[in-house]
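Structure first, commentary second.
Here, each number is a calculation from the coordinates, and none is a lab measurement. Given the structure is predicted, the values throughout are model-derived calculations rather than measurements. Glycine also receives a Cβ, built like all others from the backbone with ideal geometry; neighbour counts cover every protein chain displayed.
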There are 2 protein chains.
Amino acid sequence: MQTEKIPYKIYLEESEMPTAWYNLRADMEKKPAPLLNPETLKPMTAEELSPVFCDELIKQELDEDTAYFEIPEEIRSFYRMYRPAPLVRAYCLEEKLGTPAKIYYKFEGNNTSGSHKLNSAIAQAYYAKKQGLTGVTTETGAGQWGTALSMACSYFDLDCKVYMVKCSYEQKPFRREVMRTYGATVTPSPSMETAVGRKILAEHPDTTGSLGCAISEAVEKATSLEGYRYVLGSVLNQVMLHQTVIGIETKTALDKYGIKPDMIIGCAGGGSNLGGLIAPFMGKKLRGEADYQIIAVEPCSCPSLTRGVYAYDYCDTGMICPLAKMYTLGSGYIPSPSHSGGLRYHGMNPILSELYAQGLMEARSVEQTKVFESAQFFARVEGTLPAPESAHAIHVAIEEALKCKETGEEKTILFGLTGTGYFDMLSYGKFNDGVMGDYMPTDEELAEAQKTLPKVE
Amino acid sequence: MQTEKIPYKIYLEESEMPTAWYNLRADMEKKPAPLLNPETLKPMTAEELSPVFCDELIKQELDEDTAYFEIPEEIRSFYRMYRPAPLVRAYCLEEKLGTPAKIYYKFEGNNTSGSHKLNSAIAQAYYAKKQGLTGVTTETGAGQWGTALSMACSYFDLDCKVYMVKCSYEQKPFRREVMRTYGATVTPSPSMETAVGRKILAEHPDTTGSLGCAISEAVEKATSLEGYRYVLGSVLNQVMLHQTVIGIETKTALDKYGIKPDMIIGCAGGGSNLGGLIAPFMGKKLRGEADYQIIAVEPCSCPSLTRGVYAYDYCDTGMICPLAKMYTLGSGYIPSPSHSGGLRYHGMNPILSELYAQGLMEARSVEQTKVFESAQFFARVEGTLPAPESAHAIHVAIEEALKCKETGEEKTILFGLTGTGYFDMLSYGKFNDGVMGDYMPTDEELAEAQKTLPKVE
């Protein structure tokens, strides 16, 4: 099939951009478990969710049957400012590795937020605006999501309140400044602004914060203010839905040249990037039309798929969000301070969790220093300095390409390059100075964190 | 002509990318004045330049007649990793301004170096490698050039020594870290490593450095080491030559849709971006085939075109480089510490200087706070956070679009968006906090700086 010379970068025409998001659940025979009300332990209804989330987003969150959701023109118009994202043929990487494998990556870093997060941020801001809201609240860890949401809110003239995990707030002043440039209010979490923040600070005055805690603060703020709702950048099914633009564009680009990937690799924190990238391919796999090896890559220091349990858990530390059935380390799990960048959430998106439970995808965990080695290698060879998160996928793609070198197999490897490392130079600096450490929780530590799991029959 | 709907982003096919750089001097009736030997005051010969510069680059520097230089395949191969750069139709900006003007910008920020500088960096690294050199030295101010050169040297496995103006070195640790990630050595300038650095430090122990001083150190280092040459990121004719890929791609993209710009706007520091963008258009103008209004935009705090003199001057503070005839403020001129970002060089490329002297282009100077206002406005409306340098062009483009709104003229405005502001968040922070100042040198200060001009008959 591959007779035509594949260009370095495959760009779709605007007319070829997706007009609908794809809801993978529609093709799943066994659906993911429903969200539960933490008090009644019964499935959450749209009414119960409406004080927290925007109405249209709740519909998307709960809908298991509609295969396609049309992308509103206002969102498509914003997408056209920075999409289609390029699908890159990694010719230089292949040559440097001396592998017969063919390597492709979908690059989502070519926008000011620097990552794929903007794909869902603009959708969530749009539905908030459409509902006539004044603003939204959210949390951010590494800062990619907060930046993306600030941009999206600025575009629709919505107020944006971001609770930024305190250690990131202090280590990434420039991330914060980008959000402020886009008009967002950024508060280090835990803060004295919320009851949950005050409680945590009273108990742990020296805490550097966690994603779960920042989520609790953002939810409390949203529900206590008139005209506000809470929005989230990962984990939820609605977020994965929006991120399917990544996979759909990728598949369209590959199909144009008759390319079928043998292997699809993505980094996995909350799972929205991985889910978005693999969705249309997994759909074919579920329908029995094609097969692909799908690999989720997570950090050793936050190994929810590889070392977590598949169980109902709280989505946040404050235990005020719905319960989700997912691979989780327990909502009390906080990665070691030596952990860099994102991929630090204790759980995994429920759809991906169910697919993993069914054996439809694999998962691997990687040590941080190995990840940065691959990141630096990739930056030098392919020119793009990757985010540490994305470098997890790069690392496994390189490992697989080297296996092909040994076996002589000409596999086609596709991975997601979710973002750039411009705001992670403090971590790169540690790596450059040779003072970056690795961390792997002991079984005892994991068992301890699992004690925070709720009891659900 | 413009019947077809213009997309948000016009991407060329790889096959449409330029195969040659365009030497604008070939179409100039009155050529720019030659470089002079600072000791003999006679035109510099290739032999005299060869201890400092790479041989092929010297040929390009001195050649006034060859209209096209073929781009070697190795460089085109690297270009394909991040080029063609998109030509963007600023639909959102037009709508927000309510202008009948049609606005286009060529975006050069979609690569890890974050700016157009990579276009020349890879060319210079290639010729250094081809000559069998061990490495190159250079200076960097805001850091864009140093980053680009580090990437290019890493690609060709060349050693790279960067002298970074001390205040930038301290204010931009993340720029420095990107360069280190690509394997470069970064030294704050002035340093004790060179005679000129030691001399300046002895006289001014508290100096925060200047571009002119860093150039002197880099040149001294290159000439004192075996197998090294000095390379420069702007000002020189060779650099402008490489940057013509910007203008050639832009013109090809516009021609595809039958669009003729009425006005071309670029920020101007040393002039390489502006020169590269306007080259093919200016060529047509020189040949009498078309007319365009061309506007160079510079900061009020470093106004070489608008308030400088057209005279022979030193290219560096140490007065060891050749003399160039250019619009200059005097090599002793150092912009106020309140000046942010690049565009801080005391002179202007000799080709652009001659074109300006002949009245073929205009120049305007803009205050820093106005530039940041336009930068923030643009970031919010068009989604891309611009570098402060690029925002000079944005500012004048917006001014001109608003004039069209008043007059009802449907002008087509083209400007160069040279890079992103990811590494300028300290300056954005000052702007966000309302503590950014403006600075305009007095006539007396300019007269004082001009005293450093050499006497050349």
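Brief remarks on what is shown
- About its Cα centre, the dipole of the protein assembly as shown is roughly 300 debye, where the only charges are +1 on Lys and Arg Cβ and -1 on Asp and Glu Cβ.
- For chain A, the ratio of Cα radius of gyration to the globular rule of thumb 2.2 N^0.38 Å stands at 0.91.
- Listed pairs B:405/B:430; A:199/A:430; B:166/B:199 exceeding 22 Å between Cα atoms: B:405/B:430; A:199/A:430
- Cα-based Rg / Dmax (Å) for the stretch B:212-310: 16.9, 53
- Taken residue by residue and averaged, Cβ atoms of other chains lying within 10 Å of the Cβ of A:432-441 number 1.
- In chain B, the longest principal axis of the Cα atoms and the axis of helix B:272-286 are about 60 degrees apart.
- Computed from Cα positions, the angle between helix A:388-407 and the longest principal axis of chain A comes to roughly 30 degrees.
- Of all beta bridges that DSSP places with both ends in the protein assembly as shown, some 35 percent have antiparallel geometry.
- Residue order, fewest to most beta carbons within 10 Å, for A:395, B:116: A:395, B:116
- Straight-line reach from residue B:59: taking Cα to Cα under 14 Å and skipping same-chain neighbours fewer than 8 places apart, the aspartates and glutamates in range are B:47, B:48, B:70.
- Per-peptide packing, taken as the mean over residues of other Cβ atoms within 10 Å, places A:273-283, B:400-410 in the sequence A:273-283, B:400-410 from highest down.
- Taking only Cα atoms of the protein assembly as shown, radius of gyration then Dmax in Å: 27.7, 94
- Legend: residue pairs A:42/A:451; A:129/B:102; B:130/B:161; A:9/A:260, Cα-Cα distance threshold 25 Å; pairs beyond threshold, A:129/B:102.
- Isolated Cys in chain A, by beta carbon distance under 4.7 Å: A:54, A:92, A:167, A:213, A:267, A:300, A:302, A:404
- FRET efficiency estimate (nearest 0.05) - Cβ-Cβ, residue A:46 to residue A:193, R0 25 angstrom: 0.30
- Bins of 5 Å, starting at 0 and running to the largest distance - Cα pair percent for the stretch B:42-178: 2, 9, 15, 16, 16, 15, 11, 8, 5, 2, 1, 0
- Backbone phi angles across the stretch B:135-144, fed through the Karplus curve with coefficients 6.51, -1.76 and 1.60 (θ = phi - 60°), yield HN-Hα couplings of x, 9, 10, 7, 10, 9, x, 5, x, 5 Hz in residue order; Gly and Pro are listed as x.
- Beta-bridge orientation, chain A: approximately 35 percent antiparallel, per DSSP, counting only bridges with both partners inside.
- When you filter the GluC sites (Glu not before Pro) in the stretch B:1-55 for DSSP loop state and at most 14 other Cβ atoms inside 10 Å of their Cβ, you are left with B:4, B:13, B:29, B:39.
- Cα gyration tensor shape of the stretch B:317-448, rounded if a/c is under 1.5, else prolate or oblate by comparing a/b with b/c: oblate
- Each residue in B:95, B:74 was given a count of other beta-carbon atoms within 10 angstrom of its own, and listing them fewest first yields B:95, B:74.
- Treating each Cα of the stretch A:216-268 as an identical point scatterer and summing with the Debye formula, the log10 of I(q)/I(0) at q = 0.25 Å⁻¹ comes to -1.02.
- Note on the stretch A:388-457: dipole from Cβ charges, positive end direction compared against A:416, A:429, A:450; the farthest Cα belongs to A:416.
- Average beta carbon contacts from partner chains per residue of A:373-380, 10 Å cutoff: 3
- Förster radius 60 Å - calculated FRET efficiency between residue A:26 and residue A:443 (Cβ-Cβ, nearest 0.05): 0.95
- Label-point spacing at residue B:100 relative to the other copies reads 6.5 nm, in ascending order, each point sitting 7 Å out from Cα along Cα→Cβ.
- Shown for residue A:26: label points 7 Å from Cα along the beta-carbon vector, and their distances to the equivalent points in the other copies, 5.7 nm in ascending order.
- By the count of other C-beta atoms within 10 Å, a proxy for reagent exposure, B:150, B:168, B:272 are ordered fewest to most as B:168, B:150, B:272.
- Given charges at beta-carbon only (K, R positive; D, E negative), |dipole| of the stretch B:152-276 in Debye: 160 debye
- Cα-Cα pairs of the stretch A:1-111 separated by more than 23 Å (percent): 55 percent
- Computed over the alpha-carbon atoms, the stretch A:301-361 gives an Rg to Rh ratio of 0.97, Rh here being the Kirkwood radius from the mean inverse distance.
- Rounded to the nearest 10 degrees, the angle from helix B:237-256 to the longest Cα principal axis of chain B is 10 degrees.
- Positive contributions from Lys and Arg (+1) and negative ones from Asp and Glu (-1), summed over other residues with Cβ under 13 Å from the Cβ of residue B:118, come out at +2.
- Distances in nm from residue B:290 to the matching label points in the other copies, shortest first (labels 7 Å along Cα to Cβ): 4.2
- Averaged over B:78-91, number of beta-carbon atoms from partner chains that fall within 10 Å: 3
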